[in-house]
1. If each residue of separation counts as 0.36 nm, what is the full-extension length gain between residue 29 and residue 42 once their alpha-carbon separation is subtracted?
2. What nm distance separates the two modelled labels at residue 5 and residue 54, each placed 7 Å from Cα along Cα→Cβ?
3. Quantify how much of the Cα-Cα distance distribution of segment 28-70 extends past 16 Å, in percent.
4. Arrange 40, 27 by Cβ neighbour counts within 10 Å, fewest through most, would you?
5. State the Kirkwood hydrodynamic radius of the chain in Å, one decimal place, computed from all pairs of distinct Cα atoms.
């Protein structure tokens, strides 16, 4: 997966490699910062990370799907 930064959603949609399947992933940088600030990413070097992976994944989903309202096929893998 690769992340490209654009100045606006419109700018992203005008990009020659734009794929409509990734539309749900177009978010402001501040929203991506919330996603990557969660325990799933902050705690990944902890010795007990795998023991808590399900908790971290639940937090990740709560942030992504709940707070940010992102539940489309890009994130869920379902169409």
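Throughout, read-outs are computed from the coordinates displayed, never taken from laboratory work. The structure presented is a predicted model; accordingly, all values stated were derived computationally and were not measured. Here Cβ is always computed from backbone atoms with ideal geometry, including for glycine, and neighbour counts include all displayed protein chains.
1. Values: separation 13, 0.36 × 13 = 4.68 nm, distance 1.74 nm.
Between residue 29 and residue 42, full extension yields an extra 2.9 nm.
2. So the two model labels end up 3.8 nm from each other.
3. Working: 302 of 903 pairs.
Above the 16 Å cut-off, segment 28-70 has 33 percent of its Cα pairs.
4. Details: 40 20, 27 15.
Ranked by crowding around the Cβ, least crowded first: 27, 40.
5. Radius from the Kirkwood sum: 14.0 Å.
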